[in-house]
Amino acid sequence: MPLAVHVLALSVFALGTSEFMLSGLLPSIARDLGVTIPRAGLLISAFAIGMVVGAPLLAVATLRLPRRTTLVALIAVFGLGQVAGALAPGYTVLFVSRVVSALACAGFWAVGAAVAVAAVPVTSRARALAVMIGGLSVANVLGVPAGAFLGESLGWRAAFWAVAAASAVALVGIVTLVPPIAPPRERPRLRRELLVYRDGRVWLSVVTIALTASGVFCAFSYLAPLLTEVSGLDESRVPTVLALFGVGAIAGTALGGRFADAHPFRVLLWGMAADIVVLCAFALLGRYAVATVPLSFLLGVACFSTAPALNARMFHLAAAAPTLAGATTTAAFNLGNTAGPWLGGAVIDAGLGYPATAWVGAALTGAAVALTLVALRTHRRGPNARAAGRADNPVRSRA
């Protein structure tokens, strides 16, 4: 992998820590700001909304700008957003700071993914994206638990300051280690890139990604209160369990990235099936800490195993518009990240309890499986369908 891809992964570590650390900070934020946990959970949705809106808008706005300059500007704005969150006097300012940070984060993901894909051969796209997504996995192992630890020991604002510092390190890395990126031979044209949205397979992929993400985040966003209020774990042990989720995420990303280039549909279907099994187990066994702790690890493996394949498939379908492909994937993931916490909060407010969020997550993931089967059928009808279908079909054909 080119050095630039690893630097992008370092930057994604800071972005991912900010995006996911609130899962371990919700109780302390709710107490400090005087709001309910479901309302505090909307801060996760606020970030996701900013990602959904920001990814396509910033992809279009920066389409003809130098890639490295764009990355530097976006990571700088993101870091300032973390400072604003740390200094926020109340819930409203914190909410706005999350949206602003998300806009910068979305733009960085879109441009960064396009840079990573352009830096490697077509046959290594999923691996390059897996390396970049690996920064997100490491964020779950180190950043998110560290944020929960800082929130418990020094207050939740300390976690925001830590992410601001990590953003500064990422900024230095981009400036010093990412070389100037040569512009494409042909100047990008927005009208031509927008033509990819005429392909129904692109929209099918968007909905599949959104359902997969919402299924996971419907449950994961409320993992901390589930562990403390249902499983009976002490708050001091929550960072350790979140770290286990992150370790599972690294394993899942590596596993999915290893096979996604050759067998994308096989990776998707097996990963989603595993997701459903783990979420159902959470719903059934949530009261037992001896079960929820290892299940947190398995959830990380299952949900992140599909990420490289979901990303690579979008870049394959929208090969003529790589920047918009990255933006579309980012928006789709965060559309799910928006819907998931909202649905989870609605379930909790309805009095169904924290384990019920896992049931809803399993149902959403089941819908994603159905759409993936439709995409597989469409894929097998395309050019070279017989050979591609045999490679991607998890069930051996009788033909």
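The values are calculated or read from the model by the stated rules, or taken from the named source; none is laboratory data. No experiment lies behind these values; they were computed from the predicted model shown. No Cβ is skipped: glycine too gets one built from the backbone with ideal geometry, and neighbour counts run over all protein chains shown.
Listing for the model above:
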quantity	calculated
Residue in region 97-114 that is among the β-branched types (Val, Ile, Thr), touching a His at 6+ places or on another chain (Cβ under 8 Å) and not in a loop (DSSP other than H, G, I, E, B) present	no
Selected residue (only one of 128, 139 is crowded, with 24+ Cβ neighbours inside 10 Å, at pLDDT 75 or above and over 30 Å from residue 29 (Cα atoms))	128
Among the candidates 52, 72, 83, residue that is in a helix (DSSP H, G or I), closer than 30 Å to residue 195 by Cα and modelled with pLDDT of 85 or more	72
Condition broken by residue 210, with the remaining ones in (1) modelled with pLDDT of 70 or more; (2) assigned to a helix (DSSP H, G or I); (3) closer than 25 Å to residue 7 by Cα satisfied	(3)
Count of residues meeting criterion [in a helix (DSSP H, G or I) and either surrounded by fewer than 24 Cβ atoms within 10 Å (Cβ to Cβ) or touching a Lys or Arg at 6+ places or on another chain (Cβ under 9 Å) (or both)] in region 146-159	8
Residue selected from region 42-98 under the condition charged (D, E, K, R) and out of contact with any helix residue (DSSP H, G or I) (no Cβ under 6 Å at 6 or more places or on another chain), by the criterion nearest to residue 24 (Cα to Cα)	68
Output for region 331-358, where each listed residue is surrounded by fewer than 18 Cβ atoms within 10 Å (Cβ to Cβ) and either among the hydrophobic types (A, V, I, L, M, F, W, C) or part of a helix (DSSP H, G or I) (or both)	346, 349, 350, 352
Test: residue 12 is surrounded by fewer than 23 Cβ atoms within 10 Å (Cβ to Cβ) and either at pLDDT below 80 or not charged (D, E, K, R) (or both)	no
Filtered residues of region 313-330 (kept if assigned to a helix (DSSP H, G or I) and among the aliphatic types (A, V, I, L, M))	314, 317, 324, 325, 327
The lone exception for residue 89 - which of (1) surrounded by fewer than 16 Cβ atoms within 10 Å (Cβ to Cβ); (2) touching a residue at least 12 places away in the same chain (Cβ under 8 Å) it fails	(2)
